[in-house]
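Nothing in this text is a laboratory measurement; each read-out follows from the coordinates by a stated rule. All values reported here derive from a predicted model rather than from experimental measurement. Using ideal geometry, Cβ is built from the backbone for each residue, glycine included, and neighbour counts are taken over all protein chains shown.
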Amino acid sequence: MDNNNDTNSEITALKNQVFALLVAMVVVTGSFTVYLYRQDSLLGKQYTMLNAQYDQTKSSVGTFLGQLVAYSQKHPEFTPLLKKYGIIPGPAAPSAPPSTAPAIPGK
């Protein structure tokens, strides 16, 4: 009888240990889930902020490149520098339409 009682107490102790481990696993898993949710939330906010900054910077860079191209159209010696860095200036806009009136000699 003493052997059966020891076996029952060992089984009860193992059941208690398994239950405690299951509770600990649920707590750790829940904490990790909350941590991941919080990280996702913070990263989502940072992504939105950085995306807005990127759009603003992209607009500023586009404006600056437009100014460089306009400068290169007035100063052709600057064009090779733009080409060196992969900025291909578009065709120059005509400054004034060509005159179709014939030149009057002597005036």
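Using only the Cα atoms of the range 2-84, each taken as one equal point scatterer with no solvent, compute I(q) by the Debye sum, divide by I(0), and report log10 of the ratio at q = 0.11 Å⁻¹. So the normalised log intensities are -0.65. In this structure, residue 48 and residue 14 have a Cβ-Cβ separation that, at R0 = 41 Å, corresponds to a calculated FRET efficiency of about 0.20.
For residue 32 and residue 83, the FRET efficiency from 1/(1 + (r/R0)^6), where r spans their Cβ atoms and R0 equals 35 Å, is about 0.05. Placing +1 on the Cβ of each Lys and Arg and -1 on the Cβ of each Asp and Glu in the range 2-84, which of 32, 78, 59 has its Cα farthest towards the positive end of the resulting dipole? So the residue furthest toward the plus end is 78.
Remark on residue 87: its backbone amide H falls under 5 Å from none of the residues 5 or more positions apart or on other chains, H modelled at 1.01 Å from N.
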